[in-house]
Amino acid sequence: MTLGPLRSSEAFFLIPHQLYSIVKINSDVFSRLKQNRKKTILVLLSLLLMYGFVLFWTCLPDPLFTDPISTVLVSKKGALLGAKIAEDEQWRFPLSEGVPEKFATAIRIFEDKRFYYHPGVDPIAMARSIFLNLKEKRIVSGGSTISMQVIRLARKNKKRSYGEKIKEVFLSLRLELRYSKAQVLDLYSAYAPFGGNVVGIEAASFRYFGRKSKQLSWAESCLLAVLPNNPALLHPGRNREQLKNKRDRLLKRLKDHQIISELEYKLSIMEELPQKPHPLPRRASHLLETLSTQKKQSGRSYDRTIINSTINKEFQGKLTRVLKNSSRNLSARGIYNGAAIVIDNNTLEVLAYVGNIQTGDGGGHGQAIDLIHRPRSTGSILKPFLYAAMLQNGELLPSTLVSDVPSQYYGYIPENFDRKYRGAVPAQTALAKSLNIPAVRMLKKFGIQRFHDFLNNFGMTTLHRSASGYGLTLILGGAEGTLWDVAGMYANLARIANLNIDRDELYDVEYRSLKIEDSQQQSSGQRVEINPGTAWLTLEALLEVARPGMEGFWKNFSSTQKVAWKTGTSYGLRDAWAVGVTPKFTVGVWAGNASGEGHPEISGINTAAPILFDILNFLPRSDWFYEPVYFLKEAKICKLSGRLAGPLCEGVKMSIPINSNYSDLCPYHKKIHLDQTGKYQVHGNCESVNNMTHKSWFVLPPLQEYYYRKYNSKYRPLPELREDCRQEIGDSPGFKPLELVYPAKGTVLYIPIQLNEQKSQTVFEAIHRIPETTIFWHLNDSYIGATKDFHKLPYTPKQGKHTLILVDEQGNRVERKFEVLGKSK
């Protein structure tokens with residue numbers, strides 16, 4: 001007979017004829033042994049001892065318990081934030097800090113007072129048990145030690161019998177050879193039943209008393225110590241007096257053993273029993289679910305550990321209340337979802353995390369989804385990173401004027417949020433006002449591929465398409481990002497601004513990932529080409545974020561603390577973003593509908609920003625970032641154009657990044673020649689140089705000037721040319737009087753058919769410095785009309801490629817090619 005491997009405790013109890021079969025394997029050897037009885041007996045005894053030792057040593061399963069464990073999430077300081085019930089529907093928490101001293105003492109006095117002095121079996125208790133059972137002619141006492149009860153729990157409380165008791169004895173002896181006394185207590189405390197579906201001291205402590213086991217009083221510890229002996233005693237409607245008496249008797253034994261004083265005893269017996277189990281906290285349910293899912297997907301598990309998070313319990317509670325209060329207002333407006341995250345800028349630890357808001361409607365709008373990790377259209381939220389990248393690479397200065405005029409790029413026509421044009425705006429103002437057209441122009445100059453790579457290196461993980469796949473829309477929400485990534489990018493920007501490093505260490509600046517688990521090793525990304533000076537200048541630009549009509553909306557807040565903040569709204573009004581940065585914290589907010597449904601009320605400024613400032617209001621205040629003077633240098637900048645000051649400019653000193661190689665001189669200041677009255681512009685073909693007055697004049701291109709004048713009352717257009725000088729205007733250096741507004745360069749038109757089956761008209765538009773000048777319009781060398789004062793010309797061009805030519809009275813000429821798509825009539 002061949003024996004299988006000894007895998008369980010049952011192997012110790014094989015019947016004797018199996019041992020005989022082993023000896024019978026070789027009949028010749030057995031025959032020789034029969035001739036010498038003493039030798040035979042010695043061999044059999046040796047085999048029996050060896051066999052018994054092997055069985056004894058392998059009889060204990062490893063691991064002893066395979067029960068599923070609840071996943072438990074705790075805060076930075078160990079407070080319970082939430083838990084997931086185990087797969088067998090039991091609340092079974094792992095022990096994280098060992099058995100509490102009060103419970104260990106109480107359970108030892110109640111169950112096994114000689115626990116530290118026996119090898120797993122207490123002979124005195126066993127003898128007393130046998131005597132009582134024989135006397136009563138029934139089993140009234142088991143004589144079990146704590147070690148034996150651990151074995152019984154591991155064997156799933158099999159029916160009591162003398163045979164089962166013998167097995168428990170041997171297994172208990174083996175248990176104490178493998179585990180220390182402290183480990184045995186840990187096992188008992190973790191797997192003992194405490195009524196209902198509550199298993200283990202930690203789960204019982206939270207369910208019945210709402211706090212950790214180490215925080216329990218003597219009365220509470222004694223109550224839990226007596227429960228495993230009869231878990232059914234703890235019931236809201238019955239057994240109350242019996243349970244209290246049992247607890248009080250244990251308290252008296254503690255007093256008799258001088259473990260507690262007389263006063264402690266009297267106070268303890270006055271404590272009430274818990275009325276019913278407490279609901280477990282659900283302070284970070286989405287985070288708990290997300291971390292559990294991530295571990296399962298990575299092939300790891302939390303089965304025997306507690307998730308020690310970086311969450312600040314106080315901040316988490318306040319953040320939850322802010323979003324809960326906001327949900328009432330949002331749901332009334334048809335907006336049902338929102339998420340928020342708070343980050344420590346120095347450590348990049350996540351201090352508060354709410355993955356979705358609860359509207360009280362049963363979760364019918366996707367409230368179970370963790371929206372912090374769901375990709376959503378980014379809107380304008382990435383604009384500060386383009387601004388920072390261009391500053392760092394010397395392609396921009398904070399005050400550099402960026403064009404804000406009607407623009408078209410191969411059929412793509414960006415528009416500002418307010419549908420207005422400002423002609424030209426400083427880059428920092430364009431960022432603060434979140435103007436789309438300047439952002440697109442900046443991206444066109446910087447390069448889509450370069451910005452795509454920059455975002456990847458700076459922690460954006462959701463750019464799954466190539467740079468060409470996004471095109472210029474990358475800066476206006478064409479890409480999708482998660483609140484986790486976006487908030488982490490802003491937090492890294494703040495971390496870099498806070499860095500106290502030498503210039504030589506700039507090459508070691510890397511993006512760092514956010515940290516949500518206390519034991520988590522933060523991963524570093526690629527080196528980022530952002531120094532503290534660039535980061536500080538970017539955050540400075542975000543101090544005055546506002547939208548037209550909303551200036552001063554947050555002044556009451558900003559008077560108490562400086563905050564760099566940015567909003568974003570996706571195309572179709574589906575996503576509202578708001579991110580705020582102080583030296584200590586970064587707060588990220590997203591609001592909208594998980595379904596992706598758009599709504600007129602959804603916008604960063606009206607939906608997400610109020611939540612952002614409610615959150616910032618409960619966070620500790622801090623001073624503003626220190627100016628990183630070692631990473632900045634002074635440059636003389638043209639006061640009006642924001643470029644390096646030329647000889648004709650009024651220069652002002654401005655801080656720029658230390659390694660900026662920006663080299664563009666101001667192109668807008670020109671020397672003009674006026675007549676002796678100073679009212680009219682002249683030139684050498686119509687006036688003697690001796691009769692001229694020379695002045696420096698800030699002159700924008702005609703199209704920019706047309707819109708710029710509406711928002712800048714101090715802008716002075718060029719003086720008119722004197723009548724006798726206009727004939728020679730075309731030869732005047734630097735003077736460009738005529739510019740075509742529409743169609744823009746590279747325009748491709750589609751002209752729809754109206755309901756009356758007539759084709760719509762296209763309105764061509766031009767700008768002239770002298771509006772009363774007549775402009776003559778030609779299409780493909782054919783004259784189509786003339787304009788004066790207001791230079792707009794309606795026309796219906798045919799399908800195909802065209803050349804539009806404009807000529808004014810002085811012979812100034814502008815030419816533009818465009819194409820018309822669609823059916824010709």
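Summary of values
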item: Rounded to the nearest 20 debye, dipole of the chain from Cβ charges on Lys, Arg, Asp, Glu; result: 3880 debye
item: Sparsely packed trypsin sites (Lys or Arg not before Pro) within segment 738-814, loop by DSSP, other Cβ within 10 Å at most 12; result: Lys745
item: Chymotrypsin sites (Phe, Trp or Tyr not before Pro) lying in DSSP loop within segment 583-662, provided at most 16 other Cβ fall within 10 Å; result: Trp624, Tyr626
item: Length added when fully stretched, Ile124-Ala332, from 0.36 nm per residue minus Cα-Cα; result: 67.7 nm
item: Anisotropy class of segment 157-199 from Cα gyration tensor, a/c 1.5 cut; result: oblate
item: Value of [θ]222 nm, deg cm²/dmol, for the chain, DSSP H segments ≥ 4, -39500 (n - 2.57) each, nearest 500; result: -10000 deg cm²/dmol
item: Options Phe625, Gly646, Ile605, ranked by Cα towards positive dipole end of segment 590-672, top entry (Cβ charges); result: Gly646
item: Check: segment 381-525 dipole with +1 on Lys, Arg Cβ and -1 on Asp, Glu Cβ, in debye; result: 700 debye
item: Student exercise, segment 321-404 dipole from Lys, Arg, Asp, Glu Cβ charges, in Debye to nearest 20; result: 380 debye
item: Solvent exposure of the chain as accessible area per residue, Å², 1.4 Å probe; result: 49 Å²
item: Extension gain (nm, one decimal) between Gln676 and Thr796, 0.36 nm per residue minus Cα-Cα; result: 38.4 nm
item: Integer Hz, Karplus 6.51/-1.76/1.60 couplings in order for segment 121-129, x for Gly and Pro; result: 10, 9, x, 5, 5, 5, 5, 4, 5
item: Residue among Asn133, Ile475, Ser327 farthest towards the positive dipole end of the chain, charges placed on Cβ; result: Asn133
item: Protection-proxy order for peptides 378-385, 121-128, each taking the mean of Cβ atoms within 10 Å per residue, highest first; result: 378-385, 121-128
item: Answer label, with mean projected area of the Cα convex hull in nm² calculated from the coordinates and candidates (i) 45.5; (ii) 54.4; (iii) 56.7; result: (iii)
item: Crossing angle, helix 383-392 versus the chain [Cα axis fit, 0-90 degrees, rounded to tens]; result: 70 degrees
item: Label-point gap, in nm, between Asn239 and Thr66 - each point 7 angstrom along Cα→Cβ; result: 3.0 nm
item: Karplus-derived 3J(HN,Hα), 6.51/-1.76/1.60, for each residue of segment 368-378, Hz, glycine and proline x; result: 7, 7, 7, 7, 5, 10, 9, x, 9, 4, 7
item: Cross-link reach list, lysines versus Lys159, counting only Cα pairs under 29 Å and skipping chain neighbours closer than eight places; result: Lys113, Lys135, Lys137, Lys167, Lys181, Lys244, Lys246
item: Of Ser172, Asn691, Ala106, farthest towards positive along the dipole that unit charges on Lys, Arg, Asp, Glu beta carbons give the chain; result: Ser172
item: The chain, relative contact order [Cα under 8 Å, separation at least 6], %; result: 9 percent
item: Accessible area of segment 223-287 belonging to carbon and sulfur atoms, whole % at 1.4 Å probe; result: 51 percent
item: Eligible lysines near Lys38 by straight Cα distance, threshold 30 Å, same-chain separation 8 or greater; result: Lys24
item: Degrees between helix 285-297 axis and first principal axis of the chain (Cα, 0 to 90, nearest 10); result: 80 degrees
item: ³J(HN,Hα) computed for each position of segment 478-491 - Karplus, 6.51 cos²θ - 1.76 cosθ + 1.60, integer Hz, glycine/proline x; result: x, 9, 10, x, 9, 4, 4, 5, 4, 5, x, 5, 5, 5
item: Trypsin sites (Lys or Arg not before Pro) lying in DSSP loop within segment 320-421, provided at most 11 other Cβ fall within 10 Å; result: Arg419
item: Rounded tilt (10° steps) of 436-446 against the dominant C-alpha axis of the chain; result: 90 degrees
item: Point-to-point label distance, Lys420-Leu263, nm (Cα→Cβ direction, 7 Å offset); result: 7.4 nm
item: Label-point separation in nm, Ser595 to Val43, each point 7 Å along Cα→Cβ; result: 8.5 nm
item: Calculated FRET value between His778 and Arg709, using beta carbons and R₀ = 25 Å, to 0.05; result: 0.30
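The values are calculated or read from the model by the stated rules, or taken from the named source; none is laboratory data. Not measured: the values here are computed from a predicted model. Neighbour counts run over all protein chains shown; Cβ positions are idealised from the backbone, glycine included. Note: areas computed on protein heavy atoms with side chains; ligands, DNA, RNA excluded. Shrake-Rupley method; radii C 1.70, N 1.55, O 1.52, S 1.80 Å.
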